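> Mind looking over this structure? Questions follow.
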């Protein structure tokens, strides 16, 4: 984002929006970095598992379970940055035919819906994690780890989604974001 655009955003949105922009960027980028580290751990663990199984004939049964938990965390940790950058899936069959005002209204509706769904999922995930901790549930696999640990990635992902969506909604309220681009190859005039 060019510096004059940032300055305009700060003037129009005030210090609250500027702070929310920084918080959203920091949180989403932090968890993207953590997701990248998880991807490296996954690659190393899978390589280890393959070498142990096919070279040394000593299969490691715990790696499959761990990969499932790490994959969920990897996806959940990317939610905030995906929403923040507007890289989520947009079905624009109808909205592409709308005028600029209609596109903004459709985007607002989509963000409100995203916040509502993420809030419900966050609450349900919170209940699930709390229950798992309360009764001491362990995973069924070879790791036998407290199941609330991998379940906690759901809390992080849905919270990031709400934060990034609320940030985008507030930016739209201040007239700072245009409707999303139609495709990656589109170059504005």
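> What residue, of 27, 39, is in contact (Cβ under 8 Å) with a residue 40 or more places away in the chain, in contact with a helix residue (DSSP H, G or I) (Cβ under 9 Å, 6 or more places away or on another chain) and either surrounded by 14 or more Cβ atoms within 10 Å (Cβ to Cβ) or part of a helix (DSSP H, G or I) (or both)?
Unique residue meeting the criteria: 27.
> Still on this model: Yes or no: residue 66 under 28 Å from residue 47 (Cα atoms), out of contact with any helix residue (DSSP H, G or I) (no Cβ under 6 Å at 6 or more places or on another chain), modelled with pLDDT of 90 or more and surrounded by 16 or more Cβ atoms within 10 Å (Cβ to Cβ)?
So residue 66 passes the test.
Listed here are the residues, each with its yes/no results for (1) at pLDDT below 90; (2) more than 15 Å from the chain's Cα centre (by Cα); (3) part of a helix (DSSP H, G or I).
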{"residue": "81", "(1), (2), (3)": "no, no, yes"}
{"residue": "91", "(1), (2), (3)": "yes, yes, no"}
{"residue": "102", "(1), (2), (3)": "yes, yes, yes"}
{"residue": "124", "(1), (2), (3)": "no, yes, yes"}
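> Only residues that are buried (at least 19 other Cβ atoms within 10 Å of the Cβ) and outside any helix (DSSP H, G or I): list them for the stretch 141-157, please.
147
> Does residue 165 satisfy being farther than 21 Å from residue 103 by Cα, within 18 Å of the chain's Cα centre (by Cα) and modelled with pLDDT of 90 or more?
So residue 165 fails the test.
> Looking at the structure I just gave you, is residue 1 out of contact with any helix residue (DSSP H, G or I) (no Cβ under 6 Å at 6 or more places or on another chain) and modelled with pLDDT under 90?
In short, yes.
> Please give the number of the condition residue 96 fails out of (1) within 30 Å of residue 173 (Cβ to Cβ); (2) touching a residue at least 24 places away in the same chain (Cβ under 8 Å); (3) surrounded by 14 or more Cβ atoms within 10 Å (Cβ to Cβ).
Answer for residue 96: the failing condition is (3).
> Among 127, 87, which is out of contact with any helix residue (DSSP H, G or I) (no Cβ under 6 Å at 6 or more places or on another chain), under 17 Å from residue 154 (Cβ atoms) and surrounded by fewer than 15 Cβ atoms within 10 Å (Cβ to Cβ)?
127
> Check 108, 115 and return the single one that is out of contact with any strand residue (DSSP E or B) (no Cβ under 7 Å at 6 or more places or on another chain), modelled with pLDDT under 95, part of a helix (DSSP H, G or I) and surrounded by 14 or more Cβ atoms within 10 Å (Cβ to Cβ).
Only one candidate passes the filter, namely 108.
The values are calculated or read from the model by the stated rules, or taken from the named source; none is laboratory data. Worth saying up front: this structure is predicted, and the values here are computed from it rather than measured. FYI the Cβ positions are ideal-geometry reconstructions off the backbone, even for glycines, and counts take in every protein chain you see.
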